[in-house]
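Notes follow once the structure below has been shown.
The values are calculated or read from the model by the stated rules, or taken from the named source; none is laboratory data. No experiment lies behind these values; they were computed from the predicted model shown. No Cβ is skipped: glycine too gets one built from the backbone with ideal geometry, and neighbour counts run over all protein chains shown. We work out accessible area using only protein heavy atoms, side chains counted, and drop any ligands, DNA or RNA first. Shrake-Rupley method; radii C 1.70, N 1.55, O 1.52, S 1.80 Å.
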Amino acid sequence: QLQLVESGGGLVQAGDSLRLSCAASGRIFSRHAIGWFRQAPGKERAVVAIISWTGGRTYYTDSVKGRFTISRDNVKNTAYLQMNNLKPEDTAVYYCAAATAEGSSWSDYEYDYWGQGTQVTVST
């Protein structure tokens, strides 16, 4: 089993920054690609960013490109999501997840380990 715990969420104003952390324990963290997802009220959970197990490849959904940065430290067993220039539409519960199956496309990745989520609220 791999346990994931998110932290770093909070209430901020538009234009502010937050850094989310995803601390892992249990299985070997470095063997898993890590994804950050978010779920806004009334909406389905959607992928925000993904980082490969080496950290050498990343993916971002269009709405966060240029504002968010995903990274990982395999020594500290932690993944991060640096969020800059936050907007009200970024308000959501943010989850990190570890992939247990990968494919040629980011959309082929399957995630079996999930954290409990951390709330990010961006006010105008």
Query raised in the report: What accessible area per residue comes out for segment 70-124, rounded to a whole number of Å², with a 1.4 Å probe?
Result: 48
Query raised in the report: Rounded to the nearest 0.05, what FRET efficiency is calculated for Ser123 and Ala46 with R0 set to 30 Å and r the Cβ-Cβ distance?
Result: 0.90
Report summary line: For the chain, the charge dipole (Cβ of Lys, Arg +1; Cβ of Asp, Glu -1; about the Cα centre) points to a positive end, and the Cα of Gly15, Val47, Ala98 closest to that extreme belongs to Gly15
Requested in this report: Treat each spin label as a single point 7 Å out from the Cα along the C-beta direction, and report the Val5 to Ala101 distance in nm.
Outcome: 3.0
Report task. With a 10 Å radius around each residue's Cβ, average the other Cβ atoms per peptide and rank 105-116, 73-84, highest first. Result -> 73-84, 105-116
Query raised in the report: With each label point set 7 Å from Cα along the Cα-Cβ vector, what nm distance links Thr69 and Arg31?
Result: 3.0
**Report entry** Net dipole in debye of segment 20-76 [+1 Lys, Arg Cβ; -1 Asp, Glu Cβ; about Cα centre; nearest 20]
**Finding:** 60
Report task. For segment 1-89, state which GluC sites (Glu not before Pro) are in a DSSP loop and have at most 13 other beta carbons lying within 10 Å of their beta carbon. Result -> Glu44
Requested in this report: Per residue, how big is the convex hull around the C-alpha atoms of the chain? Give it to me in cubic angstrom, could you?
Outcome: 95
